[in-house]
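Notes follow once the structure below has been shown.
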Amino acid sequence: MTFAYRLGWLFFRAMFATYFRWRVFNPERVPLTGPVILAANHISYLDPPLVGSPLHRQINYLARASLFRFPIFGAIIRSWHAIPVDREGGSGKGLRVILDCLHGGAAIILFPEGTRSPDGQLRRAHSGIGLIVAKSDAPVVPARVFGSYEAWGRKQKIPLPKRVMVKYGQPMSFEKLRAEAKTCDKVRLKQIYQEMADEIMAAIAKLEPKSD
């Protein structure tokens, strides 16, 4: 971890442990070295640090490109190696940066649904995460957050001291689909992207706080 990242990491861990009384399940399923894609549901602004803070390695986060324009906040997220994305959640440049990070052995958090759920329920994944998975060799670790919608949902102005939880699933490799994606036609390739995205969301949906 860089010094700036470690400071933020310690701050969020303390905040989640005290104000939100967090519980964390199976963080050991996330590799401590090498590239990894953390794929989580998205129900609150709290989700990115909630997924990343339990892990003892630096994580690359996505952030709206407009946030980098604020001098102080922009400097902070740059020091955390945040990746700028457009309003729709991605761009050609953003995709290249994400893949460069993964090829360089970094860990990154992606939200298959693309944006925060309006009601706290799981939504269908977009195919964009399938494209990233297909073009990288990184394992995909599904993660599911609980309670963050009640703590800081779309309609709340300030976060409430509700308990939050995060659980990590078993790594997914997608060896067969990745191999097929290298040789198939464009029509099938689009299908593969969505199949990967759907499999990831299904793995997220299966995660429950007390299940194995």
note = Hull volume per residue for segment 22-87, using the convex hull of the C-alpha atoms, in Å³ is 112 Å³
task = Using a cut-off of under 16 Å, list every residue of segment 6-25 whose amide N is near the label point 7 Å from the Cα of Lys210 along the Cα-to-beta-carbon line.
result = 23-25
inquiry  = Which chymotrypsin sites (Phe, Trp or Tyr not before Pro) in segment 60-120 sit in a loop by DSSP (not H, G, I, E or B) and have at most 12 other Cβ atoms within 10 Å of their own Cβ?
reply    = none
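If you filter segment 1-40 for chymotrypsin sites (Phe, Trp or Tyr not before Pro), then keep DSSP loop positions with at most 14 other Cβ within 10 Å, what is left?
Tyr19
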Rough spin-label spacing in nm, given labels placed 7 Å along Cα→Cβ, for Asp100 and Ser79 = 2.2 nm
task = For Lys162, go through the lysines and keep the ones whose alpha-carbon is under 24 Å away, minus same-chain ones fewer than eight residues off.
result = Lys206, Lys210
note = Counting all Cα-Cα pairs in segment 139-212, those more than 22 Å apart amount in percent to 44 percent
query = How big is the charge dipole of segment 1-157 about its Cα centre, in debye rounded to the nearest 20, if each Lys and Arg gets +1 on its Cβ and each Asp and Glu gets -1 on its Cβ?
reply = 340 debye
key: Ranking of Met201, Met165 by count of other Cβ atoms within 10 Å, fewest first   = Met165, Met201
key: In degrees, nearest ten, helix 3-18 long axis to first principal axis of the chain (Cα)   = 70 degrees
remark   = Computed on Cα atoms only, the convex hull of the chain has an orientation-averaged projected area in nm² of 11.5 nm²
message = Using a Förster radius of 22 Å, what is the FRET efficiency between Ala202 and Asp119 based on their Cβ-Cβ separation? Nearest 0.05, please.
response = 0.65
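Bear in mind that the values in this text are calculations on the coordinates, not laboratory data. What you are looking at is a predicted structure, and each value in this text was computed from that prediction instead of being measured. With ideal geometry, Cβ positions are generated from the backbone for all residues, glycine too; neighbour counts draw on all protein chains shown.
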